[in-house]
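Please read the structure below before turning to the comments.
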Amino acid sequence: MGKGWCLFFLFWPVAAVVSCAMAPMVGWSFPYDNAQAASNLGIRIDGLFYLILIVTAIVFVGTQAVLVYALWRGVNNREERATHIHGNHKLELIWSIIPGVILLFLALYQMNIWADFRIKKFYPEVAVKDPIAEVTARQFEWRFRYPAIGKKLQPKPQPDDLYTVNELHVPFGRPVMIQLRSDDVQHSFFLPALRIKQDALPGLQIPVWFEANKEGVYDLVCAELCGWGHYKMKAHVIVESEEDYQNYLKNLTQQQFYDGLGKIAANENDSESEATEK
Amino acid sequence: MSVVHPSPTGLQPILKPQAHHAPGNFITKYIFSTDHKIIAIQFLFTTLLMLIVGGALALAVRWQLAFPWESMPIVGPWLFSAEGGQISPEFYTMLFTMHATVMIFLVIIPILAGTFGNLLIPLMIGADDMAFPKLNMLSYWFMWPAIVCFGMSFTYAGGPAAGWTSYPILADLAQAAPGSGTAQTFWLLGVTFIGFSSMMGSINYMTTIINMRAPGMTFFRLPMTIWGLFITAILQAFALPVLTAGGFMQVTDRLLGTCFFYPSGLVINNAAPTVGGGQPLLWQHLFWFYSHPAVYIMLLPVMGMVSDMLSCMCRKPLFGYKPMIFSMSAIASLGFIVWGHHMYTSGMNPAVGMAFMVATMMIALPSAVKTFNWTATIWGGKVQFNTVTLNCIGFLSMFIVGGLSGIFMAAVPVDVYFHDTYFIVAHFHYVLFGATLFGVFGALHFWFPKMFGRLMNEKLGKTHFVLTFIGANGTFFPMHFLGMQGMPRRYADPYLHGYLEHLLPMNQFMTISAIVMGLAQILLFINIFYSMFFGPKAGRNPWHATTLEWTAASPPPHGNFDVTPIVFHGPNEYAVQNGDRDFLMQTEQECEPPVSQAPDAENQTDNADTDNEQESSS
């Protein structure tokens, strides 16, 4: 029966490895097309993820295999007594130093990615100079405030600012920055496709930069518990070409400042068809 | 009649005139008892009761994720007749908040420190009882106000709904959510009470271990279990006051209008608090300064117990006894400086994140050392596959998964993606269910004879293990994939979002596994209650183990030992030549059979089998 137990414990790591190996094929991997991040930084983060995955997979397979083998030997041990051994200094040094070196390498290796991601000194200058929008999280929606075309985003709302709810348009191909804030409780700005996540803290304005590298409509969700409606903070980030983005802003301006007189420059249906025509 | 061991070290055996004195009536013996063993049993039954509650809450959470907005079977129509048996989103937030709260504060921490700490510390170090028996009793009775407070919070507007982390502003201002009202105040009071309970326990454990060790029991002869509990007690004593202070600040924010945790200029539910000037980040620092060490509070005692159990079941000395102690101490001390890894996305200074990241990476090292040492303990051993061993291997193989997934979390850029997704949920369930609870199940089978004098049923135990192991892996392993696909935690209905729509079948599979796991626990309860009364009598040392508790009767009388035992060497001396036995009790001198071990009267009747075996060898 002892051997049966060994097989029982062997089954699980095998099942784990098999299911992980087939994960990308059956769509259990990162979300969206080809499981590839929609930002260059995201691709670097994925690279780091796969590096850690390889290291941990080797350790996982190794330790589980040794564990099962040790059990297998232990069951079949025909000796009268087990080995009387209290430890082995050399062995312990080896298995402390090797993981230590690997962990230190992983720690140092990722510093660059983190610095580029978050340390303000390393933010792309273009993005910092001209934040494209202020994102305000509220129970349970996302509000966006763009500056008027040709103007810069001011900390305080301006009379000619543009507003939308639950739909953020950004251009791809250049780094952009948003100012993230919250009006009520804590929320978290989570863009799975771009591997971006940042908590929105009431009382703070947190700059977040990202650079999308392909067009698409991506889900924007809230990752920090913010009350009973947490799950339905549903918004989209629409990544489009620079031209489409500028057109969108123009349309938005027309819609928002339409005084109700004269030609309907931008009623909702028209604006969309106009945008596509252009 | 007590004949004692010779004392070559010049230590005189200490006769204990007070031993075996019977405690008074039923109430002082079984209810307001100051005997550490009875208190341990009280803790055991209370925590097992809470395990049922916590498990039921978990199943309700899983029901909603597998069959969103469908009427809950059996209890649904009865609980929410108004909503047609559906779980409302408000109730759902309460469910996972209370599941975490109950499991952490009322099951895992008290079952480790309360049950096994109480039972084993005096027995394993050769003491009659705890240093402060009355304080010990009080530490158990402080659990009840906590349970009452948590219970009360259910009754106010659906219960607390801010998650077990109780992040402000959600938890700080009553208008933030339906569950942020009085329920949240009761929740905070409950945490404070359970904090008092833990604090009293940890002071008691530290004092007992430092002052009341039997002659010859040096620090480096303590069994690993005691080391685990000792380091845990130190962690508790240093970290817990911070949480208590934070909780108190949150209560004053809520009730007295202070504003430690919320800034000015908020508009919540169309109402604006008139004051402000606080900082929600402050709470996160205070909270995680306790709650990260708490992870080790929930793990270190199990690491200790598994070390002792594995060594016994493989009939081998523990591989690397001192490195194991040092790695435990390293885990504990690093545990104090890594709390920031819960806050990589929180908005604190990102440069600080780097420091926390390096420290967190380094904490993987002692954990790896421990894993290798356990494996090396099995290597070359004579493995006996009983329920205890199975649960220990279950612990080990799930701890490896949980430990390795921790490395992803330590890596800041990767953690940014995984933070608050199901990947995290997978990680801590592998550690807290996979590792801790399997360790606890093993320990329960191992030390059950010391609690009740009888062995647990092997067949039931093995079936329970197999079903639980299958259920646990089936429930928790797919969570890694949910996390990879970006499914956030605490969503009542993730399928609302386009990129998560396809996850429903996977969640249904997990729920079925969870139900299997839940039902398997019935076997555990049957086993406990059946074996308490009808299990085979165990004798003093049914596992042929070496540590001091196995020299006492099963269950030990009030005062534990006939004479204060004298310790001659470290624990886990297996695989030695000692007559026809392969182990050496801590009270025996090396390479010589003990001179005399006269059994007492009870021993002769109760414990015929194993004692005869021991005596024939001596």
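Residues checked against (1) closer than 19 Å to residue B:396 by Cβ; (2) more than 7 Å from chain B (Cβ to nearest Cβ):
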residue: A:60; (1), (2): yes, no
residue: A:66; (1), (2): yes, no
residue: A:69; (1), (2): yes, yes
residue: A:77; (1), (2): yes, no
residue: A:80; (1), (2): no, yes
residue: A:87; (1), (2): yes, no
residue: A:100; (1), (2): no, no
residue: A:120; (1), (2): no, yes
residue: A:126; (1), (2): no, yes
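I'd like the full set of residues that are open to solvent by 10 Å² or more (accessible area, probe 1.4 Å), within 8 Å of chain B (Cβ to nearest Cβ) and in contact (Cβ under 8 Å) with a residue 12 or more places away in the chain, limited to region A:165-215.
Scanning region A:165-215 gives A:183, A:204, A:206.
Could you tell me whether region B:564-571 includes any residue that is farther than 30 Å from residue B:426 by Cβ and within 28 Å of the chain's Cα centre (by Cα)?
Yes, region B:564-571 has at least one match.
Select from region B:485-504 the residues that are at the interface with chain A (Cβ under 7 Å from one of its Cβ atoms), closer than 20 Å to residue A:226 by Cα and not in a helix (DSSP H, G or I) and list them in ascending order.
B:486, B:488, B:490, B:491, B:492, B:493, B:497
Residue A:218: touching a helix residue (DSSP H, G or I) at 6+ places or on another chain (Cβ under 6 Å), within 18 Å of residue A:142 (Cα to Cα) and open to solvent by less than 60 Å² (accessible area, probe 1.4 Å), yes or no?
Yes.
Does residue B:271 satisfy being surrounded by fewer than 19 Cβ atoms within 10 Å (Cβ to Cβ), away from chain A (no Cβ under 14 Å), small (Gly, Ala, Ser) and over 30 Å from residue B:570 (Cα atoms)? Spell out the reasoning first.
Numbers: surrounded by fewer than 19 Cβ atoms within 10 Å (Cβ to Cβ): yes; away from chain A (no Cβ under 14 Å): no; small (Gly, Ala, Ser): yes; over 30 Å from residue B:570 (Cα atoms): yes.
Criteria not met by residue B:271.
Filter region B:434-475 for residues that are among the aromatic types (Phe, Trp, Tyr) and open to solvent by 10 Å² or more (accessible area, probe 1.4 Å) and give the result.
The one that is among the aromatic types (Phe, Trp, Tyr) and open to solvent by 10 Å² or more (accessible area, probe 1.4 Å): B:452.
From A:218, A:248, A:231, which residue is aromatic (Phe, Trp, Tyr), farther than 24 Å from residue A:119 by Cα and either facing chain B (nearest Cβ under 7 Å) or assigned to a loop (DSSP other than H, G, I, E, B) (or both)?
A:231
Could you pull out the residue among B:38, B:31 that is of a type in the set (Val, Ile, Thr) and buried (at least 18 other Cβ atoms within 10 Å of the Cβ)?
Working: B:31 fails: buried (at least 18 other Cβ atoms within 10 Å of the Cβ).
Criteria check complete, one pass: B:38.
Could you please let me know if residue B:177 is at pLDDT below 95 and open to solvent by less than 20 Å² (accessible area, probe 1.4 Å)? Outline the logic, then answer.
Values: at pLDDT below 95: yes; open to solvent by less than 20 Å² (accessible area, probe 1.4 Å): yes.
So residue B:177 fits the description; yes.
Out of all the residues in region B:172-184, which are at the interface with another protein chain (Cβ under 9 Å from one of its Cβ atoms) and of a type in the set (A, V, I, L, M)?
Scanning region B:172-184 gives B:173, B:176, B:177.
Being of a type in the set (Val, Ile, Thr) and more than 20 Å from residue A:225 (Cα to Cα) is the filter here; which residues of region B:54-98 pass it?
Within region B:54-98, the first condition is being of a type in the set (Val, Ile, Thr), and the residues that meet it are B:61, B:74-75, B:87, B:93, B:97.
Of everything in region B:54-98, those that are of a type in the set (Val, Ile, Thr) and more than 20 Å from residue A:225 (Cα to Cα) turn out to be B:74, B:75.
Would you check if residue B:160 is over 30 Å from residue B:557 (Cβ atoms) and within 14 Å of chain A (Cβ to nearest Cβ)? Give the derivation first.
Details: over 30 Å from residue B:557 (Cβ atoms): yes; within 14 Å of chain A (Cβ to nearest Cβ): yes.
Spelling it out, residue B:160 is indeed over 30 Å from residue B:557 (Cβ atoms) and within 14 Å of chain A (Cβ to nearest Cβ).
Would you mention how many residues in region B:379-395 are facing another protein chain (nearest Cβ under 7 Å) and open to solvent by 20 Å² or more (accessible area, probe 1.4 Å)?
3
Confirm whether residue B:143 is within 14 Å of chain A (Cβ to nearest Cβ) and either among the polar types (S, T, N, Q) or closer than 21 Å to residue B:108 by Cα (or both).
When the stated conditions are applied, residue B:143 does not pass them.
Pairs, please: C-beta under 8 Å, at least 6 apart or cross-chain, first residue closer than 20 Å to residue A:176 by Cβ and within 11 Å of another protein chain (Cβ to nearest Cβ) and in region A:20-41, second of a type in the set (D, E, K, R) and surrounded by 13 or more Cβ atoms within 10 Å (Cβ to Cβ)?
That search, which allows pairs on different chains as well, returns A:37/A:46; A:37/A:195; A:41/A:116; A:41/A:195; A:41/A:211.
The values are calculated or read from the model by the stated rules, or taken from the named source; none is laboratory data. Because the structure is a prediction, the values reported are computed rather than measured. Quick reminder, even Gly has a Cβ in these numbers, built from the backbone with ideal geometry, and neighbours come from all protein chains shown. These accessible areas exclude ligands, DNA and RNA; they are computed on the full protein's heavy atoms, side chains included. Shrake-Rupley method; radii C 1.70, N 1.55, O 1.52, S 1.80 Å.
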